[in-house]
Structures are given as C-alpha cells and as structure tokens.
Amino acid sequence: MTESTASARGNLDIDALLHARYGDAAPALTESALRDSATLAGLLHHHTVRHFTDAPVSDQAITAMLAAAQSAASSSNLQLWSVVEIRDAATMRALVDEVGTSTFVADAPVILLFIADWARASAIAAAEGAADEAADYLESTLVAFVDAALAAQNAVVAAESLGLGTCYLGSVRNNPERAAELIGLPDRAMVAFGLAVGYPDPTDTAGIKPRLAPSVVHSRERYCPITDADVAAYDAEIAAYHASQGRPTGWSRAVIRRVKDAAGLNGRDRMRAWLTGRGMPSN
C-alpha cells in the first residue's frame, strides 16, 4: 500500500467499519483521535485473504514485515520464536500433500512458518556448559507459542499497511513432525502456525467478518458468561455473512463440533506426543 493509500484508509468511515464488524451491536466511537486513526481503521478493516494474485512479494516487503514482528513484545526479551520463509513450489506442495495444510497454500507467493523456538536458547546454554531443563516445562512451551503469535500479528498489521493480504495457517499442525522435517528444524523447535502472504485477488468477495458483540467478550471486574440471546444474535449475523459468501452456515454448531470430542481436533489430539517428539515435553 502506498502512503497515499494508507492515508486514505485513515479516512475510512469508522462507523461503517464498526457496523460491518458488529452489526447492530457496534459501539459508538466519538473521540476525534479514534475517528482519525489510520491504524485503528486498518485494524477494523482486516479480513482473511485466501486468494492471491500472481504478483510477487518483494524481499524488502518481507524484511519490513519481520522487522515489525521483531518489534513485538517478547517475554523477558528471550525472543523464543523464529520464522522460515517458504517460496519454493515443491515445499509448498509438500505442506499441502504431506502436512495437510489448506490447499490454497500452494498458490500463495510466500508462506511464513512461525516457529516456537527453544532450540536457540538451549544452544546458548549448551555453549556455556549449562543445563536447559526449564525448557521441558509447560510454561516454557506456552511462552514460546505466545511470543510467536505476538510477532506474527505485528507482521500481519505491517503486511496489510503495505497492501498485502494474509491468512493464518493452523493446519501446519496437522503433521508437525513432517513440517519440521521439511524445513530442517532442530530439537526443541516446532512449527506453531503458518502465514500465507500475497496481494489479494481483486475478484475475491471476502469481506469484514462479523464478530461477537463487544459485550460478550468484554467484562468489567468480573467475567460474564455468554447467554442464549448472545449466541442467537451472533448466529444470525454470521449466517447472513456466510450466505453472502455462498456458504450459509452459523457459528454455534461449528463450536459444538469442535468441542464435543477429539474428532473435532482433526488429528491434533496427538499434540502432546508431537511436542514431546520435538523436545518440548511440556511437563
């Protein structure tokens, strides 16, 4: 995205963006600093992109995205994440055919694989003859995955400011051992998720997907459980959006399918064993 385009995004109708995201539950933002914020407008305008043009993504664009990623917060500045950039068509095809990643991945110009990475810290400890037992604990696993997620979201915001589109790829965890083999990961490192990057196909009809009403996710002082009315209202909103995309489905049934049994995990119920195999036993 050019500077002029970025500036124009800041002039987007905040009310329209909020309504697209929340429907009738959209909050009112009246403070001028909020209504004039190009960053806020860009974030509200976010949508996942699954169809890309053939336009190449420059090395400098990726460099800028990763500089933004490294500018994210990191627990104790340990920086327990890494990224592997994939442009090779054969590797992308293997991610689809052998790892089970979403099929559109093979058509994306770039895939960034974000790594929960204790290998680097363990190597530093080993160089000093020190143990690395703390890397075996669940807290350490969580910190590495959180660090990777924080970094990736910064990269997404940067990408969208440049006119690029992105899609997170949790499907690389369908077979993390094979994913690790494809990119030569050492022990104590695991692919957390991928990020497809490219210029959005202008014919793609995907838009701003509705989210749960702010009152459902935002409590003050004490947690507020979701109500039947909340579920019904959101089911109606998301069903209308999905219908516009040619797939009239709701939300609550998808949640139920995901939580009712291990089948909803699509094979990832083996994650504990996979983590242990990658040297991250999460004790």
### Message
For the structure I just gave you, tell me whether L182 is in contact (Cβ under 8 Å) with a residue 60 or more places away in the chain, crowded, with 17+ Cβ neighbours inside 10 Å and under 29 Å from G267 (Cβ atoms).
### Response
yes
#### Entry: Search result, residues across the range 193-215 that are at pLDDT 95 or above, over 30 Å from V231 (Cβ atoms) and surrounded by fewer than 15 Cβ atoms within 10 Å (Cβ to Cβ)
none
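Limited to the range 32-50, what total is found for residues that are assigned to a helix (DSSP H, G or I) and surrounded by fewer than 17 Cβ atoms within 10 Å (Cβ to Cβ)?
Step one: of the range 32-50, the residues assigned to a helix (DSSP H, G or I) are 32-35, 38-44.
Cutting the leftovers down to surrounded by fewer than 17 Cβ atoms within 10 Å (Cβ to Cβ) gives us 32-35, 38-39, 43.
Residues flagged as assigned to a helix (DSSP H, G or I) and surrounded by fewer than 17 Cβ atoms within 10 Å (Cβ to Cβ) within the range 32-50 amount to 7.
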### Message
Return the residues of the range 195-205 that are assigned to a loop (DSSP other than H, G, I, E, B) and β-branched (V, I, T); say none if nothing qualifies.
### Response
T203, T205
### Query
Among the residues of the range 120-133, is there at least one that is closer than 30 Å to Y199 by Cα and touching a helix residue (DSSP H, G or I) at 6+ places or on another chain (Cβ under 8 Å)?
no
### Query
Looking at (1) under 20 Å from the mean Cα position of the chain (by Cα); (2) closer than 27 Å to S244 by Cβ, can you tell me which one T203 breaks?
(1)
### Task
Would you check if there is a residue in the range 51-64 being outside any helix (DSSP H, G or I) and within 18 Å of the chain's Cα centre (by Cα)?
yes
### Query
Where residues in the range 42-84 are hydroxyl-bearing (S, T, Y) and out of contact with any Ser or Thr (no Cβ under 8 Å at 6 or more places or on another chain), which of them is farthest from L182 (Cα to Cα)?
S76
## Note on the structure
Picked from the range 1-31 (must be more than 27 Å from I238 (Cα to Cα) and either in contact with an Asp or Glu (Cβ under 8 Å, 6 or more places away or on another chain) or at pLDDT below 95 (or both)), the residue surrounded by the most Cβ atoms within 10 Å (Cβ to Cβ) is A6
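The rows are residues; the columns are (1) in a strand (DSSP E or B); (2) touching a Leu at 6+ places or on another chain (Cβ under 8 Å); (3) among the small types (G, A, S).
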residue	(1), (2), (3)
L182	no, yes, no
L185	no, no, no
M190	yes, yes, no
F193	yes, yes, no
G207	no, no, yes
A229	no, no, yes
A232	no, no, yes
### Of all residues in the range 51-81 being in contact with a Pro (Cβ under 9 Å, 6 or more places away or on another chain) and not polar (S, T, N, Q), the one that is nearest to Y22 (Cα to Cα)
H51
### Task
Output yes when any residue across the range 213-221 is touching a His at 6+ places or on another chain (Cβ under 7 Å), free of Cβ contacts under 8 Å to residues at least 12 places away in the same chain and outside any helix (DSSP H, G or I), and no when none is.
no
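The values are calculated or read from the model by the stated rules, or taken from the named source; none is laboratory data. Bear in mind that the values here come from a model prediction, so they are computed numbers and not experimental data. Neighbour counts run over all protein chains shown; Cβ positions are idealised from the backbone, glycine included.
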